[in-house]
There are 2 protein chains.
Amino acid sequence: MPGHYFDCNATTPVCEAASEAWVRASLKHWQNPSGLYRGAGMTRRLLEELRGELAGMLEVEEEEVVFTSGATEANNAVMEYASRSGGEGVFAVISAIEHPSVREAAEKWFGKEGVRELAVDQQGKVCLNALEEVLVEGAVGLVSVMAANNETGVIQPWREVGEICRKRGVPYHCDAAQWVGKASLAGLGECDFISGSAHKFGGPKGVGFLRVGGAARENFTSLVGGPQEGGMRAGTEDYPGVLAMMVALREKQGDMTAERLEGCLLERRAFEKRVGEDLPEVKIIAADAERLWNTVMLILPLSGPSNLKWLIRLDRLGFEVSTGSACSAGKGNPSHVMEAMGLDFDQMNRVLRISGGWQTEGKHWNALVDALLEVWEELKSGKRMEKREEITPSL
Amino acid sequence: MPGHYFDCNATTPVCEAASEAWVRASLKHWQNPSGLYRGAGMTRRLLEELRGELAGMLEVEEEEVVFTSGATEANNAVMEYASRSGGEGVFAVISAIEHPSVREAAEKWFGKEGVRELAVDQQGKVCLNALEEVLVEGAVGLVSVMAANNETGVIQPWREVGEICRKRGVPYHCDAAQWVGKASLAGLGECDFISGSAHKFGGPKGVGFLRVGGAARENFTSLVGGPQEGGMRAGTEDYPGVLAMMVALREKQGDMTAERLEGCLLERRAFEKRVGEDLPEVKIIAADAERLWNTVMLILPLSGPSNLKWLIRLDRLGFEVSTGSACSAGKGNPSHVMEAMGLDFDQMNRVLRISGGWQTEGKHWNALVDALLEVWEELKSGKRMEKREEITPSL
């Protein structure tokens, strides 16, 4: 049985073309783009070409694209900007299922009292009614609702959120870290702020981008101390990293035909069907919601042990999965996403996130069901459980 | 005549070993260190080993080392932390020649009124008397004095600054971006905060580090939104980038024997001697100060054109130099470092920064003098100046 990596929402391997591009650029165009000699000017031109390319993909202005160290930096910077420009008493509206880098940044900059949370329905989807209500109250400095959730894969109504915000004249930030490279970029450019991370779609770690729309550009800064990125983000530009990101993005977005997306979705659905048939004790979270084609969040049998024991056994069989988002996994805290969806403590300790990638095929999904069955049989029989009770994760 | 890159204070090429390490790590250890499967755990262990290695080189505790996107991020974060923890009315003390990422971050977080500047002497060296005086006044939240200046190469009395700060119980931040990889790390661990950037010493762009000493760790955060880096810097850790940085650092610090450093210094001095003999109209800034072995800041003849014309002509001859720091070069502003050293406008428009690297040999320094002579002859004769008046830099 072939093992497979099923944790693409945590990170993805750097694709070959991106890695090669990084090496090539590090060898030829490593000069500081702020230099005034030709070699440096060439690096700047190439960097600006990539900015133009990304702007084109997002359908935004070139000057609105800021290269950052990743979505975490971008999300932090958006919250700082919104709190500084919003004025006294203004609050931030975020969904109850935002990534910690949005949630914690919002609380840092607006204060706990200054953050209003939008509830999600049982399918983990943000309630638009709740948004309309909170906007009527007024004094909203920013709305932040992600494109797709990192734990459940549930696609959020970001287009509708954007439309509502535009009508009310409230800036809208969309954390698209899980969206970019997995779904079409069409329409994303309507969001005032858009964050993305290269390592979620086959690019290197430590590189990402932020769209800063319209007038915000004038006062926006992530890092201060240099004129780079139109004054919005100081620090020597990482041309090799940005090139590698863009090469990965081209590859992913280029492959993304409607047929291919449909095929990927069908394979995931076949996996879910088999799980339902062969492992009836296992539940699929947000089963009926529109979700990213790569993500399935399971609730393991309540009669069995917690997710960690499953994860360890699956790992031994060659399948790498997650007990939630990588960020909360390290903390051992129950997920706030699961909490927002109304799961109880027992359920939260039994969630397992499966997130495939473009390299994932039907045979991998099938092999994963077989592995889940094998682990469940083993856990039920208890024959090796006593002996292994003490096994701790590799962390 | 062989050309040569003389802008190492702006950035350096990624060394071969670092590039290879990056590729290897991207291929084998790209997993998210927060994952709970063995592959992720291995990446975490390797990352923590590198943290331990850097801590050992700096002689600080492992938990005090934070990997960042570079010194700019580190400097921004230190100023934010100091302003938040310092309390009402506290001010920051920075030298008049700090990098913009220290200066602007200090002004952002402490306000313009909250920043006191330490004057430098005519040799561009921070006055310790000025520091003693300002500390007596009290209410200092942080002192920030760089290890060596990026424009002049002048080595700052950071050991003495650190000692004075310790006696007064004031936290000391040392921006060591130009120091690390060029000089011994001994004693640096005495500074409470130390910033560095990999791309200044043969590592990749987009990676750096910060030492956060002692109790500061408890409340320090650069980016929020995840438990990474001991809670001090959220965002998926860039193991390949950090490995490449450490491979470059090992190489540079390993090569750094007293003999080698002395040899490099002698070669630069020979260059300066020839400049003095062959180009008597050219002045060397801080000629008598203790400077980094790689850096020379020239004032070109006041009777000739501005530095940009020299830079363009030197570039044509294969020599890449700078008109100041890369950060201020892009802005076309006169350098605040030169201003602090008392240069007038005409002089500031005639500075030329030469910064070699470990690959720079005597023959390169010699060839550079020849090139300077050739350019000066050409400029003096004026024969091609009319025709080329319109040439703009490659920026």
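The values are calculated or read from the model by the stated rules, or taken from the named source; none is laboratory data. Computed from a predicted structure; not experimentally measured. Cβ placement follows ideal geometry from the backbone for every residue including glycine, while neighbour counts extend to all protein chains displayed. Heads up: the accessible areas ignore ligands, DNA and RNA and are worked out on the full protein's heavy atoms, side chains in. Shrake-Rupley method; radii C 1.70, N 1.55, O 1.52, S 1.80 Å.
Taking the criterion of being open to solvent by less than 60 Å² (accessible area, probe 1.4 Å) and over 21 Å from the mean Cα position of the chain (by Cα), the residues of the stretch A:255-273 that qualify are A:Gly263, A:Ala270, A:Phe271, A:Glu272.
When you look at B:Ala25, is it over 30 Å from A:Arg44 (Cβ atoms) and either more than 7 Å from chain A (Cβ to nearest Cβ) or part of a helix (DSSP H, G or I) (or both), yes or no? In short, no.
Listed here are the residues, each with its yes/no results for (1) farther than 26 Å from B:Arg250 by Cα; (2) touching a residue at least 12 places away in the same chain (Cβ under 8 Å).
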{"position": "B:Val180", "(1), (2)": "no, yes"}
{"position": "B:Val212", "(1), (2)": "no, yes"}
{"position": "B:Ala215", "(1), (2)": "yes, no"}
{"position": "B:Leu223", "(1), (2)": "yes, yes"}
{"position": "B:Arg233", "(1), (2)": "no, yes"}
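Being more than 22 Å from A:Arg269 (Cβ to Cβ), within 14 Å of chain B (Cβ to nearest Cβ), open to solvent by 20 Å² or more (accessible area, probe 1.4 Å) and modelled with pLDDT of 80 or more is a property that holds for A:Gly318. Mind checking whether some residue in the stretch A:187-198 is touching a Ser or Thr at 6+ places or on another chain (Cβ under 9 Å), within 14 Å of chain B (Cβ to nearest Cβ), surrounded by 24 or more Cβ atoms within 10 Å (Cβ to Cβ) and of a type in the set (Ser, Thr, Tyr)? Yes, that holds for at least one residue. Candidates in the stretch A:1-22 are the residues that are surrounded by 18 or more Cβ atoms within 10 Å (Cβ to Cβ) and over 30 Å from A:Gly324 (Cβ atoms); of these, the one that is nearest to the other protein chains (Cβ to nearest Cβ) is A:Trp22. Return the residue satisfying two criteria in turn: it lies in the stretch A:184-227 and is of a type in the set (S, T, N, Q) and touching a strand residue (DSSP E or B) at 6+ places or on another chain (Cβ under 9 Å), and of such residues it is farthest from A:Arg84 (Cα to Cα). Taking the candidates together, the pick is A:Ser197. Take the stretch A:200-212 and flag every residue that is more than 22 Å from B:Ala71 (Cβ to Cβ) and either open to solvent by 10 Å² or more (accessible area, probe 1.4 Å) or within 9 Å of chain B (Cβ to nearest Cβ) (or both). Matches in the stretch A:200-212: A:Lys200, A:Arg211. Here A:Gln31 meets each of (1) open to solvent by less than 10 Å² (accessible area, probe 1.4 Å); (2) at the interface with another protein chain (Cβ under 7 Å from one of its Cβ atoms) with one exception, condition (1). Scanning the stretch A:370-383 for residues that are open to solvent by 90 Å² or more (accessible area, probe 1.4 Å) and at pLDDT below 95 yields A:Lys380, A:Lys383. Every test in (1) open to solvent by less than 20 Å² (accessible area, probe 1.4 Å); (2) away from chain A (no Cβ under 14 Å); (3) touching a Phe, Trp or Tyr at 6+ places or on another chain (Cβ under 9 Å) is passed by B:Thr152 save one, and that test is (3). Scanning the stretch B:255-311 for residues that are among the hydroxyl-bearing types (Ser, Thr, Tyr) and within 14 Å of another protein chain (Cβ to nearest Cβ) yields one hit, B:Ser306. The set of residues in the stretch A:90-123 that are among the acidic types (Asp, Glu) and either open to solvent by less than 30 Å² (accessible area, probe 1.4 Å) or touching an Asp or Glu at 6+ places or on another chain (Cβ under 9 Å) (or both) comprises A:Glu98, A:Glu117. Among the criteria (1) free of Cβ contacts under 8 Å to residues at least 60 places away in the same chain; (2) within 14 Å of another protein chain (Cβ to nearest Cβ); (3) open to solvent by 20 Å² or more (accessible area, probe 1.4 Å), the one A:Pro227 does not fulfil is (1). Take A:Ala96 and decide whether it is within 27 Å of B:Glu80 (Cα to Cα) and of a type in the set (A, V, I, L, M). No, not satisfied. Scan the stretch A:162-176 and give yes if some residue there is assigned to a loop (DSSP other than H, G, I, E, B), open to solvent by less than 40 Å² (accessible area, probe 1.4 Å) and away from every other protein chain (no Cβ under 14 Å), otherwise no. Among the residues of the stretch A:162-176, at least one is assigned to a loop (DSSP other than H, G, I, E, B), open to solvent by less than 40 Å² (accessible area, probe 1.4 Å) and away from every other protein chain (no Cβ under 14 Å), which makes the answer yes. Scanning the stretch B:39-77 for residues being open to solvent by 40 Å² or more (accessible area, probe 1.4 Å), at negative phi and away from chain A (no Cβ under 13 Å) gives a total of 7.
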